[in-house]
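Quick notes on the structure that follows.
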């Protein structure tokens, strides 16, 4: 419930920004800034259980938060490049359960650093400043030793796309954006627990994020 309230709060902030934005000002070619946002991680698990009804392995996905710094540079009137360095905290758990009452639960994806690089294409007709973005994101775990019983790769790559909108003020720009990233790699390496080692084949992390950028 707290995560959903946070999303509503961010949406309300975006609406307030749109109502208070000033008339278009002279465009800035580039600059540094920061961002903050909410993230929902969708960890997709592929297992080799077949039709066995006595065993369940699944991932419990939860929300998280993200913050970081950025640099953006306009290549021309419509195209810009943004690079970010973000710290993301995301809670997800992989769980194993049998009909005999055996239950195992391991935390995955604690905190990690992310480096997304986006290319933005902005429609500036009638000053709507709506942009479509796409790019790549490299993520690096900050605590790979969190749980030595379920081992993931220390780093992984995702493709990312989304939509954003710029509100230009005299001294700064505020840009809310929504992004979705889908994992390009299998994150699962191995487990010393036979319950996971014998049944888990693949784990991929997708993310939905709502961020507000200031620059």
Completion exercise
Filtering strands (runs of 3 or more DSSP E) wholly in segment 105-176 for at least 3 residues that are under 17 Å from the mean Cα position of the chain (by Cα) gives 111-123, 130-141, 155-165
Practice task
Of the numbered conditions (1) closer than 28 Å to residue 75 by Cα; (2) touching a residue at least 60 places away in the same chain (Cβ under 8 Å); (3) crowded, with 17+ Cβ neighbours inside 10 Å, residue 170 fails exactly one; give the number of that condition.
Solution key: (3)
Practice task
Search segment 61-89 for residues that are free of Cβ contacts under 8 Å to residues at least 24 places away in the same chain and on the phi < 0 side of the Ramachandran plot and pair each with any residue that is assigned to a strand (DSSP E or B) and surrounded by 14 or more Cβ atoms within 10 Å (Cβ to Cβ) when their beta-carbon atoms are under 7 Å apart and the residues are at least 6 apart or on different chains.
Solution key: 75/81
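Taking the options 184, 203, name whichever one is modelled with pLDDT of 90 or more, touching a strand residue (DSSP E or B) at 6+ places or on another chain (Cβ under 8 Å), over 30 Å from residue 77 (Cα atoms) and exposed (fewer than 15 other Cβ atoms within 10 Å of the Cβ). Before the answer, list the steps.
Working: 203 fails: exposed (fewer than 15 other Cβ atoms within 10 Å of the Cβ).
Exactly one of 184, 203 is modelled with pLDDT of 90 or more, touching a strand residue (DSSP E or B) at 6+ places or on another chain (Cβ under 8 Å), over 30 Å from residue 77 (Cα atoms) and exposed (fewer than 15 other Cβ atoms within 10 Å of the Cβ), namely 184.
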Handout entry: Yes/no for residue 208 being more than 17 Å from residue 46 (Cα to Cα), surrounded by fewer than 18 Cβ atoms within 10 Å (Cβ to Cβ) and over 11 Å from the mean Cα position of the chain (by Cα)
Key = no
Exercise for the section: Would you mention how many residues in segment 192-209 are free of Cβ contacts under 8 Å to residues at least 24 places away in the same chain and either assigned to a loop (DSSP other than H, G, I, E, B) or more than 10 Å from residue 150 (Cα to Cα) (or both)? Expected result: 1
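Conditions tested, residue by residue: (1) within 20 Å of residue 71 (Cα to Cα); (2) touching a residue at least 60 places away in the same chain (Cβ under 8 Å).
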residue	(1), (2)
108	no, yes
114	yes, no
134	yes, no
142	no, no
149	no, no
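Rundown of residues vs (1) farther than 20 Å from residue 86 by Cα; (2) at pLDDT below 90; (3) touching a strand residue (DSSP E or B) at 6+ places or on another chain (Cβ under 9 Å); (4) surrounded by 20 or more Cβ atoms within 10 Å (Cβ to Cβ), yes/no style:
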position: 101; (1), (2), (3), (4): yes, yes, no, no
position: 105; (1), (2), (3), (4): yes, no, yes, no
position: 117; (1), (2), (3), (4): no, no, yes, no
position: 130; (1), (2), (3), (4): yes, no, yes, no
position: 133; (1), (2), (3), (4): no, no, yes, yes
position: 143; (1), (2), (3), (4): no, yes, yes, no
position: 147; (1), (2), (3), (4): yes, yes, yes, no
position: 154; (1), (2), (3), (4): no, yes, yes, no
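The values are calculated or read from the model by the stated rules, or taken from the named source; none is laboratory data. This one's a predicted model, so the numbers in the text were calculated from it and none came from an experiment. Cβ atoms come from the backbone with ideal geometry, glycine included; neighbour counts cover every protein chain shown.
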